[in-house]
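Peer 1: This is the structure I have questions about; it appears just below.
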Amino acid sequence: MSLALVRAITPTDRIRRRLAEAAALIFDVDGTLAETEELHREAFNEAFVQLGLDWHWGRRIYKELLRVTGGKERIRAFDQRRRSGPPLTDAAIARLHHVKTERFAVLMAEKGCPLRPGVRSLLDAALARGQTLAIATTTTRGNIDALLAPALGPAWEAKFAAVVAADDVARKKPAPDAYLEVLSQLDLSGSSCVAIEDSRNGLIAATRAGIPALITRSRYFGDDAFDGALAVVDDLTELAP
Ligand code: XBP
Ligand code: MG
C-alpha cells in the first residue's frame, strides 16, 4: 500500500472501534437518548399546581435538584430545603410523583421529544452488527415507553435485551445497582461493555459497575466533570462512521 493511503488512527477511530466491538451497549435514558429533562421539569410543575402546592421549579433550581436522581427523591430533597411546615409524608410524595408521571406521558404525547442526534444511527448500526443493546436508567419505567414508543415504534422493547428502570433496583445512580442488574441479566462482564451516559452521577454508576462510559454532553449536565470517562462528545454524531 502506498504511504499516501495510510491514515493515522485517531482517538475518535479508537472510540468507534471500542463501541463496535463491545459485547453490549448500555444506554442511560434522560439526557442521553433524548433531552427529556425540560418535559420532566414541566411535568413536576404541573403536578405541583394540580395538587395545590405553591412550588415552581425554574431552570436554575432544577439544575441543582438534578444532582438528586429520581423524581420522588428530588421532591423530598426540595421539601427538606423548606423551612416552614411539616415535611411531606411518603404517601404525599408518592401521590405527587404519580401525578407527575401521568403529566409527563401527556406532555410527551402532545409535544413529543426527538431522540438526540446520532442516537438512532448508533442503535441501528449496533443492531446490524448483531450487538446487544440494553438500558440502565433511574427514571420510571413508563417514562421510557412514553419516549421510545413514538421514536422507535411500539415494539421498541424487542430491540433491548435488558431494560432496568428506577424501581427495579434498591439504589439509584450514582450507585451501580442498575448497571449491575443489566450485567447480571445479560451475563456479561462490565469491561466487555460500554455505557453511554450524560451525567456525572451516571458516569460514577457505570464506573462502579466496572463499565467504561462514553459521555454525550447534555443540556443540564454539559459542565459536569467527567474524569475517568472513555471519551466525552457533544453528541453521538461525532462518532458516526
Ligand atoms: C434521570 C432521573 C430521573 C428523571 C425523572 O435518570 O434522575 O429522575 O429526571 O424521572 P437517567 P422520574 O438519566 O438515569 O435516566 O420522575 O421518573 O424519577
Ligand atoms: Mg441521564
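The values are calculated or read from the model by the stated rules, or taken from the named source; none is laboratory data. The shown structure was predicted, so the numbers you read here are calculated from the model rather than taken from an experiment. When we count neighbours, we look across all protein chains shown, and the Cβ atoms used for this are built from the backbone with ideal geometry, even at glycine. For the accessible areas, the whole protein counts, side chains as well, though only heavy atoms, and no ligand, DNA or RNA atoms are used. Shrake-Rupley method; radii C 1.70, N 1.55, O 1.52, S 1.80 Å.
Peer 1: So which of 32, 36, 12 is hydroxyl-bearing (Ser, Thr, Tyr), in contact (Cβ under 8 Å) with a residue 60 or more places away in the chain and open to solvent by 20 Å² or more (accessible area, probe 1.4 Å)?
Peer 2: 12
Peer 1: Another question about this same structure. If I ask for residues that are of a type in the set (A, V, I, L, M) and either in contact (Cβ under 8 Å) with a residue 24 or more places away in the chain or touching a Leu at 6+ places or on another chain (Cβ under 6 Å) (or both), which ones from segment 216-232 would you list?
Peer 2: Initially, segment 216-232 is screened for residues of a type in the set (A, V, I, L, M), giving 225, 229-232.
Across segment 216-232, the qualifying residues are 225, 229, 230, 231.
Peer 1: Hey, among 161, 240, 165, which residue is within 16 Å of ligand 2 (Cβ to nearest atom), in contact (Cβ under 8 Å) with a residue 12 or more places away in the chain and at negative phi?
Peer 2: 165
Peer 1: Examine segment 16-29 for a residue that is within 16 Å of ligand 1 (Cβ to nearest atom) and in a loop (DSSP other than H, G, I, E, B), and state whether such a residue exists.
Peer 2: Checking segment 16-29: at least one residue is within 16 Å of ligand 1 (Cβ to nearest atom) and in a loop (DSSP other than H, G, I, E, B).
Peer 1: May I ask you to list the residues in segment 161-177 that are within 12 Å of ligand 1 (Cβ to nearest atom) and part of a loop (DSSP other than H, G, I, E, B)?
Peer 2: The answer is 165, 169, 172, 173, 174, 175.
Peer 1: Follow-up question, since we're still on this one. Quick test for you: out of 88, 66, 96, pick the one residue that is touching a residue at least 40 places away in the same chain (Cβ under 8 Å) and over 22 Å from residue 200 (Cβ atoms).
Peer 2: After ruling out the rest, the residue left standing is 96.
Peer 1: Looking for whichever is without any contact (Cβ under 8 Å) to a residue 60 or more places away in the chain, more than 10 Å from ligand 1 (Cβ to nearest atom) and within 18 Å of residue 105 (Cβ to Cβ) here; the options are 48, 44. Which one fits?
Peer 2: 48
Peer 1: Related question: From the set of residues in segment 178-203 that are of a type in the set (S, T, N, Q) and away from ligand 1 (no atom under 16 Å from the Cβ), which is least open to solvent (accessible area, probe 1.4 Å)?
Peer 2: Once the filter is applied, the top-ranked residue is 192.
Peer 1: Which residue is nearest to ligand 2 (Cβ to nearest atom), if the candidates are limited to segment 1-57 and must be of a type in the set (S, T, N, Q) and over 18 Å from the mean Cα position of the chain (by Cα)?
Peer 2: Within segment 1-57, the first condition is being of a type in the set (S, T, N, Q), and the residues that meet it are 2, 10, 12, 32, 36, 45, 50.
Applying the additional criterion that residues be over 18 Å from the mean Cα position of the chain (by Cα) yields 2, 10, 12, 45, 50.
On the way: 2: 46, 10: 27, 12: 23, 45: 20, 50: 26 Å.
Looking at the filtered set, the residue picked out is 45.
Peer 1: Name every residue in segment 211-239 that is over 16 Å from the mean Cα position of the chain (by Cα) and open to solvent by 40 Å² or more (accessible area, probe 1.4 Å), in order of residue number.
Peer 2: Within segment 211-239, the first condition is being over 16 Å from the mean Cα position of the chain (by Cα), and the residues that meet it are 223, 225, 227-228, 230-231, 237-239.
Selection gives 223, 225, 227, 228, 230, 237, 238.
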